[in-house]
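Encoded as structure tokens, the structure appears first; notes follow it.
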Amino acid sequence: MSKYHLPKGASADGAYDLAITPESAGWGHSGLRILTLGPGEAHSLSTADSEILVLPLNGGCTVTVEGGPFSLHGRSDVFASATDFAYLPPASEALISSAAGGTFALPSARTEQGGLSARYGPKEAVPVELRGAGACSRQVNNYCLPGTFDADQLLVCEVLTPGGNWSSYPPHKHDEARVGADGSPVESELEEIYYFEVRGEHGFGYQRVYGTPDRPIEVFAEVRSGDAVLIPHGWHGPSIAAPGYDLYYLNVMAGPGQDRAWLICDDPAHGWVRTTWESQDVDDRLPFDAKETD
């Protein structure tokens, strides 16, 4: 088993189905925990030196915190729609309670900044983007990115890929702070976590990560619901949804830069693929939430 591929249950810890910390990942900033609550259960959470989102994967909850409480309606599952969420700043004490039960992602970023307050993020304010075309069509729910929701270091989005399609493609990286010839930033340094769900009892997909001669890394993992992949550096992509099985992944990113930015660099061998999208239509199975309500 690659140390970068964490199958479901391999990193469970106490109340958490998945527990990735900067220490366990061997890096400095990004983290993710997955919490499942039964009907009527609650969980106490201390954010310590990190900022955290409470992001329902299924079910709803109430987040009781200074500046709250926040009632999160949530959703039936990750393919049904985007969801509302709550932001918790560093040094917060929170209680997450769920009357009907559910599963909740807790993406986090270690930060020394602080200064933001606990806030509610309404579902209606989440930008939903259709990216790519043809067999590279996917849906991106942009929860907590520059320009969509304020945070210190944390970057969070979801990608939903119809069965048979490729996403996170062309392969790209964001593992060094670089500027272009004109001095403007062209790449940011970010650690990244992919957390996967697959629609269908036997559903699966694949995730590819590969490095450079100076910084080698090699991952080609079959992923199923509850799995995670760590990306400390290197090119990552494609994320492949097997035919017949829609693929979801939650992206969590953070890094050392004081300017919160998501700047990527395509693998030069494959970047040309983007030009082919101009002559193709977006997959008509997207967006997922529209199809759910037809």
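The values are calculated or read from the model by the stated rules, or taken from the named source; none is laboratory data. Quick caveat, the model's predicted, so the values are computed rather than measured. Every residue, glycine among them, receives a Cβ derived from its backbone with ideal geometry; neighbour counts consider all protein chains shown. The protein model used for the area step is the full one, side chains on, heavy atoms only, and it has no ligands, DNA or RNA in it. Shrake-Rupley method; radii C 1.70, N 1.55, O 1.52, S 1.80 Å.
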The range 50-65-the range 209-252 distance, computed between alpha-carbon centres (Å): 25
Residue with peak Gaussian network fluctuation, the chain [Cα springs, cutoff 10 Å], from Val78, Val186, Val229: Val186
Shape of the range 44-180, Cα gyration tensor, a/c cut at 1.5: oblate
Cα-based shape type of the range 1-92, given that a ≥ b ≥ c are square roots of the gyration tensor eigenvalues and the cut on a/c is 1.5: oblate
Placed amide H near Ile217: partners under 5 Å, 5+ positions off or other chain: Gly211, Thr212
Accessible carbon and sulfur surface of the range 221-292 relative to its total accessible area, %, 1.4 Å: 53
In order through the range 19-31: 3J(HN,Hα) via Karplus (6.51 cos²θ - 1.76 cosθ + 1.60), integer Hz, x for Gly, Pro: 9, 10, 10, x, 5, 5, 7, x, 9, x, 9, 7, x
HN-Hα J in Hz across the range 169-184 - Karplus 6.51, -1.76, 1.60, θ = phi - 60°, x for Gly and Pro: 8, x, x, 9, 9, 8, 10, 8, 7, 10, 10, x, 4, 8, x, 7
Set of aspartates and glutamates with alpha-carbon distance to Lys3 below 18 Å, sequence-local pairs under 8 removed: Asp13, Asp17, Glu23, Glu191, Glu192, Glu218, Glu222, Asp227
Net charge of neighbours whose Cβ lies under 14 Å from the Cβ of Cys157, counting Lys and Arg as +1 and Asp and Glu as -1: 0
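In deg cm²/dmol, rounded to 500, what helix-only [θ] at 222 nm does the chain give when every DSSP H run of at least 4 residues adds -39500 (n - 2.57) and the total is split over its residues?
Computed ellipticity for the chain at 222 nm equals -500 deg cm²/dmol.
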Summed residue charge, Cβ within 10 Å of Val78's Cβ, Lys/Arg positive, Asp/Glu negative: -2
Accessible surface of the range 1-96 [probe 1.4 Å, protein heavy atoms]: carbon and sulfur percent: 52
Chain lengthening between Arg215 and Trp272 when straightened (0.36 nm per residue, less Cα-Cα): 18.1 nm
Among Gly121, Gly183, Gly60: highest mean-square fluctuation, GNM of the chain, C-alpha pairs under 10 Å: Gly183
